[in-house]
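See structure below.
The values are calculated or read from the model by the stated rules, or taken from the named source; none is laboratory data. Note that the structure is predicted; figures quoted are calculated from it, not measured. Quick reminder, even Gly has a Cβ in these numbers, built from the backbone with ideal geometry, and neighbours come from all protein chains shown.
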Amino acid sequence: MIELAYTVTAWMPGWMQAIAIILMKISLLMMPLLLGVAYLTFAERKIIGYMQVRVGPNRVGPRGWLQPIADSLKLMFKEIVIPSSANRFLFLLSPLLAFAPALAAWAVIPFDDHLVIADINAGLLYVLAITSLGVYGIILAGWASNSKYAFLGAIRSGAQMVSYEIAMGFALVGVIMAAGSLNLGQIVQAQATGLGLFSWFWLPLLPLFVIYFISGVAETNRAPFDVAEGESEIVAGFHVDYSGMAFAVFFLAEYANMILIAALASLLFLGGWLSPFDGLPVLGPLFDWVPGIVWMLAKMSFFLLLFLWLRATFPRYRYDQIMRLGWKVFIPLTLVWIMVTGVLVVGEVGPWFGHGEG
Amino acid sequence: MLENYLPILIFMAVGLIMGAVVMAIGYLLGPQRPDSEKGSAYECGFEAFEDARMKFDVRYYLVAILFIIFDLEIAFLFPWAVVLGEIGLFALGAMAIFLLILVVGFIYEWKKGALEWE
């Protein structure tokens, strides 16, 4: 595959060839990602439909399979309304500020051993930094719209996102301590201690795993933490004045972030592309032929299902409850578990710690 | 080393360009018929009687300040966490003292009511 790319671009000068190959890799990642986003919206409606004993969308195409395409076509032909009291420049800029970081974070996500666009040492730090940038898009969107609902939604969602980012950051610190590396590939390799799914970090870091995922749900403003949108109180939150493709860009960013949280949760706690039966007596060799990327995608799908399941199950939290959960429950819990992990790492306890170079 | 970061730079540029292109498509394909009703800010059918950039609760501001402190702390923890296995007990003790100081501050803000939302 990569050889083919080099032969096709052989006529270019060196620097141009390098950029062309990077662009090819990016489009190879981007197209499945955007398709995944489109069909995640379809899956969401379908799965929540079945959970509520409805059939969900079933009119467009066989069993509704063309629904996301119809949706995007419809959005394309809608007018982009810019409110007259809005700040035009920021109003149009903020969807981009939400969208670009949501995509750029994918540059360091490995899907298989060394199947990654940018194999950098500071991978996890980069992800934490770039996902924090998304909050700018939301705050600016709410401010630029000059509408009270948008403004309230934006400050609510800004405060919520930064609160849960702390709990999330602490959970990541636990993972880094256990793996002794910031590189996502090496974090996965550190989980391959030959005990199958019991050698992954979800077991020794169980509280951090749960906190990480719940914080991820709160970070992406998904139900039950979706007070930023809160249809019954502030209509749609920060994007109430957005329409057409400008709205679609926010929507794409939100779903790309959901898939990103799912990918990170699988990489950090569920061993990424490692087989769950790796090193186990009978099942290990039996499932040896399955390529790593299949395991990775299966784990991501599991987390995405969890996202939808949460939305179908729980009523919305009240805002003070959200802030209490973030500050008074998650932060003390993660602090305690970081110290526990520190003792485990220094004491080289169990099969998880003290094997790697870390 | 640094060339590993080139794909990231390109990726960000692609993200920005894609977003811009998508919105440009919407602008070109969709109609553009603004009128005064359509251009008014959405407020459930009411006329917006004042500017939306109003005063807001000071607690949001407090959350932002506390966030900066804790996020800095996480930034301090990251390099420590990477080398913890190599340095061992000394690193653990040093960071325990650091976290202790922070926990004292955390308890103080908690007791002061900075985390209360009635």
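Quick look at the values:
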item: Number of the condition not met by residue A:87 [criteria: (1) surrounded by fewer than 21 Cβ atoms within 10 Å (Cβ to Cβ); (2) facing chain B (nearest Cβ under 9 Å); (3) under 26 Å from residue B:64 (Cα atoms); (4) not β-branched (Val, Ile, Thr)]; result: (2)
item: Residue satisfying condition, being within 14 Å of another protein chain (Cβ to nearest Cβ), surrounded by 18 or more Cβ atoms within 10 Å (Cβ to Cβ) and either closer than 23 Å to residue A:134 by Cβ or touching a residue at least 24 places away in the same chain (Cβ under 8 Å) (or both), within set A:300, A:323; result: A:323
item: Number of the exception - residue A:75 against (1) farther than 18 Å from residue A:255 by Cα; (2) in a helix (DSSP H, G or I); (3) facing chain B (nearest Cβ under 8 Å); (4) more than 20 Å from the chain's Cα centre (by Cα); result: (1)
item: Any hit, region A:255-276, residues being within 14 Å of chain B (Cβ to nearest Cβ), closer than 21 Å to residue A:143 by Cβ and touching a residue at least 12 places away in the same chain (Cβ under 8 Å); result: yes
item: Criterion violated by residue A:49 - all others in (1) crowded, with 16+ Cβ neighbours inside 10 Å; (2) within 14 Å of chain B (Cβ to nearest Cβ) satisfied; result: (2)
item: Search result, residues across region A:51-91 that are in contact with a helix residue (DSSP H, G or I) (Cβ under 7 Å, 6 or more places away or on another chain) and farther than 28 Å from residue A:306 by Cα; result: A:76, A:77, A:78, A:79, A:80, A:82, A:83, A:86, A:87, A:90, A:91
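Every residue, every condition in (1) closer than 30 Å to residue A:329 by Cβ; (2) without any contact (Cβ under 8 Å) to a residue 24 or more places away in the chain; (3) at the interface with chain A (Cβ under 7 Å from one of its Cβ atoms), yes or no:
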| site | (1), (2), (3) |
| --- | --- |
| B:15 | no, yes, yes |
| B:19 | no, yes, yes |
| B:62 | yes, no, no |
| B:76 | yes, yes, no |
| B:102 | yes, no, no |
| B:114 | yes, no, no |
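Matching residues to (1) at pLDDT 85 or above; (2) outside any helix (DSSP H, G or I); (3) within 27 Å of residue B:79 (Cα to Cα):
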| site | (1), (2), (3) |
| --- | --- |
| A:279 | no, yes, no |
| A:299 | yes, no, no |
| A:312 | yes, no, no |
| A:328 | yes, no, yes |
| A:332 | yes, no, yes |
| A:337 | yes, no, yes |
| A:343 | yes, no, yes |
